[in-house]
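Here the structure comes first, spelled out in structure tokens, and everything after it is commentary.
The values are calculated or read from the model by the stated rules, or taken from the named source; none is laboratory data. All values derive from a computational prediction rather than experimental measurement. As a convention, Cβ positions derive from the backbone with ideal geometry for all residues, glycine included, and neighbour counts pool all protein chains shown. Quick note on the areas: whole protein, heavy atoms, side chains included, nothing else; ligands and nucleic acids left out. Shrake-Rupley method; radii C 1.70, N 1.55, O 1.52, S 1.80 Å.
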Amino acid sequence: MYLSNTSNKVKDLFERFEQFKNTTKFEVCIYLFEEWNNGLINERNEINPSTTDEDFEIFKPTNVGLSEHFAHSIGMLLLGIMNNFTESHQKLSDDLLTINLDDDSKQWLSTFEKLDFSEKIDVIGELLIRYDNEELFEGLYHFPVLSEDDAFNVALNIKDYKNRIFGGNEETDFPYEIVD
């Protein structure tokens, strides 16, 4: 775990994630990045938040200084890598990533959906840090750079976003631990 100030639920979720084979990790990541891209990570756990008249916080890539379709770009990239390096051959249909999830992915994502808003933001942050540090998948390295900012700066932006939304200050200046 890179994030230093997160819940035990998030830490436990990533302990399970680390046990998965790469195909399952790809499925989870693609699903979550598409969910993030589509504004489905929000404080009310709304399935389609853009159709409500209510005003509530929706976590989007633009909230942390990334492009509007940043998360979709990651999903597309991961889909291509997954199809090249695994036996799975998922497809793109109508500019939407649709994937068939295995049982492990479904269970992990079900647990993710039960997390609170802040914890879901932490999961996205941890995935981005692991991607940037080439530790998201076992035995796969040299992924393309996705942003002008490295994961450290994105993690700082996420920390600032969470402080704006939830108030308070975290004790450390670093949003994640530096591991030797």
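Return the long-range amide H neighbours of N42 (sequence gap of 5 or more, or a different chain), with a cut-off of under 5 Å between placed amide H atoms.
For N42, whose amide H was placed from the backbone, the distant partners under 5 Å are F59.
Counting Lys and Arg as +1 and Asp and Glu as -1, what is the net charge of the other residues whose Cβ lies under 12 Å from the Cβ of C29? Spell out each step's value before the answer.
On the way: positive: K25, R130; negative: E27, E34, E35, E126.
Spelling it out: positives minus negatives among the neighbours equals -2.
What accessible area, in Å² to the nearest ten, does a 1.4 Å probe give for I47?
Surface accessible to solvent at I47 totals approximately 150 Å².
Setting aside same-chain residues fewer than 8 positions from K60, which lysines have a Cα under 16 Å from its Cα?
K120, K159, K162
Whole-Hz Karplus ³J(HN,Hα) for region 131-142, in order, using 6.51 cos²θ - 1.76 cosθ + 1.60 and θ = phi - 60°, x for Gly and Pro?
Couplings: 4, 4, 8, 6, 10, 6, 10, 7, x, 10, 9, 6 Hz.
Can you list the HN-Hα couplings for region 106-112, worked out from phi with the Karplus curve (6.51, -1.76, 1.60; θ = phi - 60°), rounded to whole Hz and with x for Gly and Pro?
4, 5, 4, 5, 5, 5, 4
For region 117-125, take each phi angle, set θ = phi - 60°, evaluate the Karplus expression 6.51 cos²θ - 1.76 cosθ + 1.60, and give the result in whole Hz per residue in order, putting x for glycine and proline.
3, 4, 5, 5, 4, 4, 4, 4, x
Ordering T6, T24 by accessible area with a probe of 1.4 Å, largest first, what comes out? Mind dumping the intermediate values first?
On the way: T6 25, T24 0 Å².
Order by accessible area, largest first: T6, T24.
Just by accessible area at a 1.4 angstrom probe, what is the order of L77, L66 from largest to smallest? Walk me through the numbers before you get to the answer.
Numbers: L77 45, L66 15 Å².
Accessible-area ranking of L77, L66, largest first: L77, L66.
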